[in-house]
Amino acid sequence: MSYRGPNQFNNQFNQPNHQFNQPPQPHPHIGPISSNKSFFEQFENFSKKIEDLIDQYFQPLKPYVPAIGRAFLVATFYEDTIRIFSQWNEQVYYLHSYRKFWRWFVVLFLINNMLIMSICSTLVIFRKKNNFATIALIIVVLAQGIAYGLLFDGQFILRNLSVVGGLVLAFSDTIIRDKRSLNMPGLPMLNNQDNKKYFLLAGRLLLVLLFLGFVFSSEWSLGRVLIILVGLLSCGSIIIGYKTKFAAAVMLVLLFIYNLFTNQFWTYQAQDARRDFLRYEFFQVLSIVGGLLLVVNAGAGEFSIDEKKKIY
């Protein structure tokens, strides 16, 4: 028993005998430990509850979430394929008359683009030949930048690097699934020495470009500013891998609602120029939502604060 001071020690033995039969009284200066939690602890508990709810209520959908996320990611390639097909004459005229390419080359180039984008996007969704499909789609992005003279345009670079980031996320999601399949229940996780495990980290970093492409495009509004403020905090959380599922889920919901109510391209006639612009914006934001879905499903990966907290 630790020493509690001379006065308290002597008083304990000098008090009347009848007091020894009474239960010990609490020290006037010692009370129950305060249950007030700091804001950080409250946020930890709240975010943990949200993540548990996500895992609980979306468990039946969990097998389908990766495919949905990858479909959203490559939706921009399907949209580009439809755009080339529906605006064939305009595409050929621009590349032939303004970019000075041979007509036969333009026709071959556009047909190849449509075939590669449609086929490889489908392969990405179904996780078939993922290496080949991802590289082919990245080559298409670069080839289009060269053909249309946009390779050094800042907006084009930002948007298409973000598309590459989405493809990296899709590729890293496949790696996470393959890694989980190698671990038996009840056994510790096997150490993954494959350098491919860095792809999930790269995908998280490039996800910022997906969001920055959204920030610097379209017109400003109150709703857009709110999304940007929340998104910047969420992106920072996703980059460092802290409360990753919670941050990705919040950002996903806000962007999805914003996209449905702001980029309603289907409400405009086909001849209206706003329809084409809003359709492009809609599928760009949909790519961000797809990337966030993959993050919610796979988590932050090994290189994150969330993962380190499980170890330490």
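When F282, F199 are checked against the criterion of being closer than 24 Å to N297 by Cα, assigned to a helix (DSSP H, G or I), at pLDDT below 75 and not polar (S, T, N, Q), F199 stands alone in meeting it.
Which residue out of S35, S2, S47 is modelled with pLDDT under 90 and assigned to a helix (DSSP H, G or I)?
Working: S35 fails: assigned to a helix (DSSP H, G or I); S2 fails: assigned to a helix (DSSP H, G or I).
Just a single option satisfies the conditions, and that option is S47.
Could you pull out the residue among L150, L142 that is within 20 Å of Y280 (Cα to Cα) and exposed (fewer than 15 other Cβ atoms within 10 Å of the Cβ)?
Values: L150 fails: exposed (fewer than 15 other Cβ atoms within 10 Å of the Cβ).
That would be L142, the only listed residue that is within 20 Å of Y280 (Cα to Cα) and exposed (fewer than 15 other Cβ atoms within 10 Å of the Cβ).
Criterion applied to F85, F109 was being in contact with a helix residue (DSSP H, G or I) (Cβ under 8 Å, 6 or more places away or on another chain), surrounded by 15 or more Cβ atoms within 10 Å (Cβ to Cβ) and closer than 27 Å to S287 by Cα, and the one residue passing it is F109.
Would you confirm whether any residue within the stretch 235-251 is among the small types (G, A, S), over 13 Å from S47 (Cβ atoms) and buried (at least 17 other Cβ atoms within 10 Å of the Cβ)?
Going through the stretch 235-251, the residues among the small types (G, A, S) turn out to be 236-237, 241, 247-249.
Now narrow it down to the ones that are over 13 Å from S47 (Cβ atoms): 236, 241.
If we keep only those that are buried (at least 17 other Cβ atoms within 10 Å of the Cβ) as well, we get 241.
Scanning the stretch 235-251, I find at least one residue that is among the small types (G, A, S), over 13 Å from S47 (Cβ atoms) and buried (at least 17 other Cβ atoms within 10 Å of the Cβ), so the answer is yes.
Here's the yes/no breakdown for (1) part of a loop (DSSP other than H, G, I, E, B); (2) more than 20 Å from the chain's Cα centre (by Cα); (3) touching a residue at least 60 places away in the same chain (Cβ under 8 Å):
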{"site": "I111", "(1), (2), (3)": "no, yes, no"}
{"site": "M117", "(1), (2), (3)": "no, yes, no"}
{"site": "C120", "(1), (2), (3)": "no, yes, no"}
{"site": "F132", "(1), (2), (3)": "no, yes, no"}
{"site": "I138", "(1), (2), (3)": "no, no, no"}
{"site": "A143", "(1), (2), (3)": "no, yes, no"}
{"site": "G149", "(1), (2), (3)": "yes, yes, no"}
{"site": "V163", "(1), (2), (3)": "no, no, yes"}
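Give the stretch 51-82 a look and list any residue that's among the small types (G, A, S) and either surrounded by fewer than 18 Cβ atoms within 10 Å (Cβ to Cβ) or in contact with a strand residue (DSSP E or B) (Cβ under 6 Å, 6 or more places away or on another chain) (or both), or say none. Of everything in the stretch 51-82, just one residue is among the small types (G, A, S) and either surrounded by fewer than 18 Cβ atoms within 10 Å (Cβ to Cβ) or in contact with a strand residue (DSSP E or B) (Cβ under 6 Å, 6 or more places away or on another chain) (or both), namely A67. Within the set I54, I111, the sole residue that is at pLDDT below 75 and of a type in the set (V, I, T) turns out to be I54.
Somewhere in the stretch 261-279, is a residue touching a Ser or Thr at 6+ places or on another chain (Cβ under 9 Å), at pLDDT 85 or above and not in a helix (DSSP H, G or I)? Checked against the condition, which is being touching a Ser or Thr at 6+ places or on another chain (Cβ under 9 Å), at pLDDT 85 or above and not in a helix (DSSP H, G or I), the stretch 261-279 yields at least one hit.
The values are calculated or read from the model by the stated rules, or taken from the named source; none is laboratory data. The model shown is predicted, which means the values in this text are computed figures rather than measured ones. As a convention, Cβ positions derive from the backbone with ideal geometry for all residues, glycine included, and neighbour counts pool all protein chains shown.
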